[in-house]
Amino acid sequence: MLENQKDPVKDGSAGGRIGFEVDGRTLTVHDAIEGERMQLHVDREPDLSPALLELFPFPVDRAVSFEAASMSVAEYSTVNVRDSDGEFIERPGEATEFPRADYCIEVNGVTKVYIRVTDVEIAVNEVRSSGPFEFVFDRPRTVTVGARSFHTRPEATITVPDDPAALAEAVSVLGSSIREFSPERSWPTLRGYPPRIERGDTLEIPTPLVTPDTGVEVIVRPTYADVYRLSTLSYYLGARVQIGDAPAIRFDNGYEERLPTEGRALECRVEQLLRSWFFLDTLARIEGYTPSNRYEYEAVGPDLPFYPPNLADLPMSERLIEYLEVDPETVVPHAPAWPTKATLRPTPAAAELLPHLARVLAPIRIRGTSDSARSDAPVGLAISGGVDAGSDPDPDPETELIPAGASVLTPAAYENRLRRGISERGDVTVAFLCDGKERARNIRETLIDPEVPDGIGSWTVYADPNSDAVANTLSDPELDLVFSEFPMRNSVVEAAGDSVDITAGNAGSDLHAPAMSVFEGTKDVSAAVDAIDRGSLSGAVFENPLEPHHIRTFVGLLSAGCPVVVAARLTSDSSDLSARFVGDPGSVVALDRGLPTQVYSFHPTAPDSFRVRFWSFLSTEALLGTDYRVVTEFLDSTPFLAGTKRDIGYTDTSEIFELHNKKGPVLRLFGDIVLQNDDLTAEHIESAARLALSDDEPPKSDSTEVVNQDAESERHD
């Protein structure tokens, strides 16, 4: 889906995040970061006065008060009625009356709005799929409206010279996007998108951006390697980054946590701290904004020296010192997998990647040197930490070829995401460029057998297209996904014995590439890099041509919202993945109701009895910190952190069908992916179970199992 978005803060200027405008009886809430407006209609012209942010039980960026007897909102996604402390009361459906009390009404739409009113009775109308939501008070009351930007894009741009000390100052303000530094910051919607970093001649930090006052300092040596290794942790802590003789973390109560000086040991310790402190924050918040009796607390709580919610209101320094008492190995089995793990060269060019990596809480390693002997050496590579293939590759951007399974990181891919939207599942547009009529026929027949994967809205298979047709398809920004068998280098594509420059005719065009471009028969990622330069969000190259049924699975998973590297890994029949990528490994080409990709993997204990293992996969759109609950009678419905893997109960053949019949599920049965529109029979399930149980046919490896979350699951963030 192409969506050219205005970017008023790209030049480094930034005003208030939220503004309020009155036009007659209409109050417009303006989200300056997102460029969106929500209109509230009032029974009289609002006379606005500033209001205290502390009046609200949740963080808001700005608030105003005025008198009103009734209000309505025409465009919204959900409305929740809460009490004055933020406790959930009801999501209205039918016409409802609420007794006299203090209320906080949460309206989610293009931005997030809270409407606070005290000592009042409220009547609300029936909520329909279309039409306004109206709430009427028993008498005119003082209403306080607060709003918070969803902040899914950078607020401003920091300019940094090629100087590690200056970069340390810039990293100090990355945490300015985080709304608060209690354990609630482990929710992704409270972290925001850090400000951009771009290279320039002098250090320029826009006025609205300031270093948070968290009482924590991170000490780094004046090298790119040290600043990069500690940047993500510094962002999450909202820490001021200071230059010193040895790496350390200092608290305002006088305690200092010294860190290793050797590079790899430093990386390991920083990752340990980031994982432990983030995870323990998610436990400390369980009685906070969104209370939940979560699985991880049940699993880890008995081994902790404290009751996590008791730490929620402590100053950060005191809370982190308590966290340091926890053995990191206690956390590891239960913490979410990193969706992205980055490896950077210690070169100034890699600085522009830091905000984007901080947003997804990516641990950072350093390999290579600033001046590479290879002119084509990437400044950064990444792997998906959410896919367990039995190894943890340690790619070197300088001295090795790009290893299979790795992604080339480029700032352009992240910037392209800020300039274009992502299609919803069911609306994905796909094109296949096939070198041969037989190949095209096989792909076409496989794609529709038994039905086209449900995430695809429209698709086209081209057989032996000429070079102009290939070039036009590879430069079509209206496409979500193109799968090409034709070679391309330096923007020149060869087909039907002819060569065409793919950029011809695109002069002045903002974006001229599909959202994702996939190429077959090569190890060379240059075609995918070229696609990113022309506007793609991500790219992939497969060393060998894929079998048609693998293409169907890969495209089906992508169209269902699966991250690209996870989709490729699940498509592979073996632990060897002959694919390389460009862009964040968590990139997606479709959104599935805001849910992460998830797994229901079935392990037979008898031909009609199965243990169910569940694993969700995070992405650049579904971030670390979200809670989920599977709402299915026959499986464990205890809330859990997205990005984790665990057993959730036992099931039988009929219940597998029940999951398969829900909207969205993709199952993994004994190593095989079953898409929503695939045929599934009891005979097939039980026959495969018998084979898996037999000594002669051990079950396939289940290191990478996936299913998409069903429509009845709940998301909390």
Would segment 223-236 turn up any residue that is within 26 Å of the chain's Cα centre (by Cα) and over 25 Å from Ser370 (Cβ atoms)? yes
Any idea which residue in segment 568-605 is surrounded by the fewest Cβ atoms within 10 Å (Cβ to Cβ), counting only those that are assigned to a strand (DSSP E or B) and small (Gly, Ala, Ser)? Ser601
Flag for Asp213 being part of a loop (DSSP other than H, G, I, E, B) and among the charged types (D, E, K, R): yes
Sole residue being under 21 Å from Leu27 (Cβ atoms) and surrounded by fewer than 15 Cβ atoms within 10 Å (Cβ to Cβ), chosen from Ser65, Ser77, Ser72: Ser77
Can you pull out the residues in segment 74-91 that are out of contact with any Gly (no Cβ under 7 Å at 6 or more places or on another chain) and either more than 21 Å from Leu190 (Cα to Cα) or not assigned by TED's automatic domain parsing to the domain that holds Leu27 (or both)? Ala74, Ile89, Glu90, Arg91
On the given criteria, is Val379 among the β-branched types (Val, Ile, Thr), closer than 27 Å to Pro194 by Cβ and in the same structural domain as Asp162 (by TED's automatic domain parsing)? no
Any residue at all in segment 352-362 that's buried (at least 16 other Cβ atoms within 10 Å of the Cβ) and in a strand (DSSP E or B)? no
Please identify the pairs in which a residue from segment 158-174 that is without any contact (Cβ under 8 Å) to a residue 60 or more places away in the chain and more than 13 Å from Arg221 (Cα to Cα) has its Cβ atom under 9 Å from the Cβ atom of a residue that is among the polar types (S, T, N, Q) and in a loop (DSSP other than H, G, I, E, B), counting only partners at least 6 apart or on another chain. Pro161/Thr202; Val173/Thr211
In this structure, is Glu184 part of a loop (DSSP other than H, G, I, E, B), closer than 25 Å to Gly288 by Cβ and acidic (Asp, Glu)? no
When you scan segment 606-633, how many residues do you find that are surrounded by fewer than 18 Cβ atoms within 10 Å (Cβ to Cβ) and either modelled with pLDDT of 90 or more or among the acidic types (Asp, Glu) (or both)? 4
For segment 128-154 the number of residues that are closer than 30 Å to Asn416 by Cα and of a type in the set (S, T, N, Q) is 2
Read through the list (1) over 24 Å from Tyr289 (Cβ atoms); (2) surrounded by fewer than 18 Cβ atoms within 10 Å (Cβ to Cβ); (3) not assigned by TED's automatic domain parsing to the domain that holds Ile243, then give the number of the only condition that Ala165 fails. (3)
Pick from segment 175-204, criterion within 20 Å of Thr152 (Cα to Cα) and of a type in the set (Val, Ile, Thr), ranking: surrounded by the fewest Cβ atoms within 10 Å (Cβ to Cβ): Thr189
Residue within segment 581-590 that is under 30 Å from Leu280 (Cα atoms), in contact (Cβ under 8 Å) with a residue 60 or more places away in the chain and of a type in the set (Asp, Glu) present: yes
Restrict the check to segment 513-522 and report whether at least one residue is over 20 Å from Glu494 (Cα atoms), touching a residue at least 60 places away in the same chain (Cβ under 8 Å), crowded, with 21+ Cβ neighbours inside 10 Å and not hydrophobic (A, V, I, L, M, F, W, C). no
Within segment 432-474, restricting attention to residues that are within 33 Å of the chain's Cα centre (by Cα) and among the polar types (S, T, N, Q), which residue is surrounded by the most Cβ atoms within 10 Å (Cβ to Cβ)? Thr473
Going through segment 475-496 one residue at a time, which ones are surrounded by 15 or more Cβ atoms within 10 Å (Cβ to Cβ) and either β-branched (Val, Ile, Thr) or under 17 Å from Asp524 (Cα atoms) (or both)? Val482, Phe483, Ser484, Glu485, Phe486, Pro487, Met488, Ser491, Val492, Val493
Whichever residue in segment 634-684 is touching a Lys or Arg at 6+ places or on another chain (Cβ under 7 Å) and within 23 Å of Pro453 (Cβ to Cβ) and, among such residues, is surrounded by the most Cβ atoms within 10 Å (Cβ to Cβ): Phe670
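I'm trying to understand the selection: among the residues of segment 107-120, which are assigned to a strand (DSSP E or B) and surrounded by fewer than 19 Cβ atoms within 10 Å (Cβ to Cβ)?
Scanning segment 107-120 gives Asn108, Thr118, Asp119.
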Considering every residue within segment 327-335, establish whether at least one is under 21 Å from the mean Cα position of the chain (by Cα) and either farther than 19 Å from Glu267 by Cα or modelled with pLDDT under 90 (or both). yes
Inspect segment 49-57 for any residue being part of a strand (DSSP E or B) and within 19 Å of Asp138 (Cβ to Cβ) and give the result as yes or no. no
Those residues that are in contact (Cβ under 8 Å) with a residue 12 or more places away in the chain, closer than 30 Å to Pro188 by Cβ and not in a strand (DSSP E or B), I need them from segment 121-154; list them, please. Val127, Pro132, Ser149, Phe150, His151, Thr152, Arg153, Pro154
Determine which single condition Ser84 fails, assuming it passes every other condition in (1) among the hydroxyl-bearing types (Ser, Thr, Tyr); (2) touching a residue at least 60 places away in the same chain (Cβ under 8 Å); (3) surrounded by fewer than 17 Cβ atoms within 10 Å (Cβ to Cβ). (2)
Quickly run through segment 246-284 and pick out the residues that are under 15 Å from Leu311 (Cα atoms) and in contact with a Gly (Cβ under 9 Å, 6 or more places away or on another chain). Phe278, Asp281, Thr282, Leu283
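Residue check: is Glu683 part of a helix (DSSP H, G or I) and without any contact (Cβ under 8 Å) to a residue 40 or more places away in the chain? Reasoning before the result, please.
Values: part of a helix (DSSP H, G or I): yes; without any contact (Cβ under 8 Å) to a residue 40 or more places away in the chain: yes.
Yes; evaluated as a whole, the condition is true for this residue.
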Count, please, the residues in segment 638-654 that happen to be over 23 Å from Ile286 (Cα atoms) and among the aromatic types (Phe, Trp, Tyr). 1
Lone unmet requirement of (1) over 30 Å from Ala413 (Cα atoms); (2) in contact (Cβ under 8 Å) with a residue 12 or more places away in the chain for Asn108: (1)
Sort out which residues of segment 618-640 are in contact with an Asp or Glu (Cβ under 6 Å, 6 or more places away or on another chain) and not in a loop (DSSP other than H, G, I, E, B), and write them in order of number. Arg629
Residues of segment 265-304 satisfying the condition of being part of a helix (DSSP H, G or I) and free of Cβ contacts under 8 Å to residues at least 24 places away in the same chain: Ala265, Cys268, Arg269, Tyr297, Gly301, Pro302
Hey, does segment 276-292 have a residue that's at pLDDT below 95, touching a Ser or Thr at 6+ places or on another chain (Cβ under 6 Å), among the acidic types (Asp, Glu) and over 19 Å from Pro363 (Cα atoms)? no
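The values are calculated or read from the model by the stated rules, or taken from the named source; none is laboratory data. For clarity, every value in this text was computed on a predicted model and none was experimentally measured. Here Cβ is always computed from backbone atoms with ideal geometry, including for glycine, and neighbour counts include all displayed protein chains.
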